[in-house]
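Throughout, read-outs are computed from the coordinates displayed, never taken from laboratory work. As the structure is a computational prediction, the values presented were derived from the model and not from experiment. Positions of Cβ are backbone-derived with ideal geometry, glycine not excepted, and every protein chain shown enters the neighbour counts.
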Amino acid sequence: MRYFKPINSNIDFKKIKLQPEGEVIIRKLSDMVDMYQNQEAIKETLKENPIIYKFYNVKIPEDKGHLQHCISIVYPGKIGGEYYMTKGHFHKIKDTAEIYLTLKGRGKLVMQTPDNECKILEMKEGSISYIPPYWAHRTINIGKEPLIFFGVYRGDAGHNYGIIEKKVWL
Ligand code: S6P
Ligand code: ZN
């Protein structure tokens, strides 16, 4: 049997990046215009099209015995009156949970079930947040510094953004 080899990743807090980088996903305002309400503010801010957040996924096989893990960085800022936030998603395999450990910054973890039950948890340095199976999740930076958190979830969980993109949250 060929075993997947143990690996280390390191967070560089000065450069705010993961090393090795793995897969880096960058989301600018243009990637998520439907997530914000204020059309005037969106139009104005699109001239600069800032990075809202990025995340570094360590390269792990998408198998259920593995654990995907990643570092997310949500930058500080607002579009109109709304804070910078992630798109948010359900996991493709809906009954898979996730854990977030907040490393830096201040945020809110907004969650919602398919039955529209909502729950919001505080995110601050040292918070360990449990996202149970079935809950969609989005993070919002409410502070002045980048919000940095570490996430771990089942290897084959996958992501479903479709419902979130179509639905108005909270
Ligand atoms: C993955 C985990 C995070 C998010 C990241 C970006 O399950 O919840 O790594 O992918 O914070 O958010 P989003 O909604 O764009 O995937
Ligand atoms: Zn997730």
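So between residue 2 and residue 101, what do we pick up on full extension, going 0.36 nm a residue minus the alpha carbon distance?
Details: separation 99, 0.36 × 99 = 35.64 nm, distance 3.13 nm.
Answer, rounded to one decimal: 32.5 nm.
Restricting the calculation to alpha carbons of region 100-170 gives Rg and Dmax of 12.6, 34 angstrom.
Over the chain, Cα pairs under 8 Å with separation of 6+ residues give a relative contact order of 24 percent. Residues whose amide H comes within less than 5 Å of that of residue 104, counting only those at least five positions distant or on another chain, are 148 (H built at 1.01 Å from N in the peptide plane). I'd like to know which of 163, 80, 4 lies farthest towards the positive end of the charge dipole of the chain, counting +1 on Cβ of Lys and Arg and -1 on Cβ of Asp and Glu. Looking along the dipole axis, the top candidate is 4. Ordering 139, 86 from the fewest to the most neighbouring beta carbons within 10 Å gives 86, 139.
Its Cα centre serving as origin, the chain has a Cβ charge dipole (Lys and Arg +1, Asp and Glu -1) of approximately 340 debye.
Would you tally the net charge around residue 35, using a Cβ to Cβ cut-off of less than 10 Å, leaving residue 35 out, and scoring K and R as +1, D and E as -1? Write out the running numbers ahead of the final one.
On the way: positive: 27, 87, 138; negative: 31, 34, 82, 165.
Summing Lys/Arg as +1 and Asp/Glu as -1 gives -1.
Across region 15-25, coupling constants 3J(HN,Hα) worked out from phi with the 6.51/-1.76/1.60 Karplus curve, θ = phi - 60°, read 7, 6, 8, 9, 9, x, 5, x, 9, 9, 10 Hz, and Gly and Pro carry x. Taking the fewest neighbouring Cβ atoms within 10 Å as the starting point, the ordered list for 74, 110 is 110, 74. Each residue, residue 13 and residue 59, gets one label point 7 Å from its Cα in the Cβ direction; the gap between the two is 2.9 nm.
Can you put 1, 111 in order, fewest other beta carbons within 10 Å first?
Details: 1 2, 111 18.
With the fewest neighbours first, 1, 111 line up as 1, 111.
Of 87/119; 92/166; 43/78; 124/144; 78/144, which ones are farther than 21 Å apart at the Cα?
Working: 87/119 17 Å; 92/166 16 Å; 43/78 13 Å; 124/144 13 Å; 78/144 11 Å.
Beyond 21 Å: nothing from the list.
Summing charges over all other residues whose Cβ lies under 13 Å from the Cβ of residue 50, with Lys and Arg as +1 and Asp and Glu as -1, gives +2.
What do the square roots of 5 times the Cα gyration tensor eigenvalues come to for region 11-166, in whole Å, largest first, as semi-axes of the equivalent ellipsoid?
Details: eigenvalues 110, 72, 47 Å².
Gyration-tensor ellipsoid for region 11-166: 23, 19, 15 Å.
With no solvent and one point per C-alpha, what does the Debye sum give as log10 I(q)/I(0) for region 36-95 at q = 0.15, 0.22, 0.29 Å⁻¹? Log10 of I(q)/I(0), two decimals: -0.63, -0.94, -1.28. For the pair residue 37 and residue 108, the difference between a 0.36 nm per residue extended length and the Cα-Cα distance amounts to 23.7 nm.
Over the chain, dividing the summed -39,500 (n - 2.57) contributions of all DSSP H runs of at least 4 residues by the number of residues returns a 222 nm mean residue ellipticity of -2000 deg cm²/dmol.
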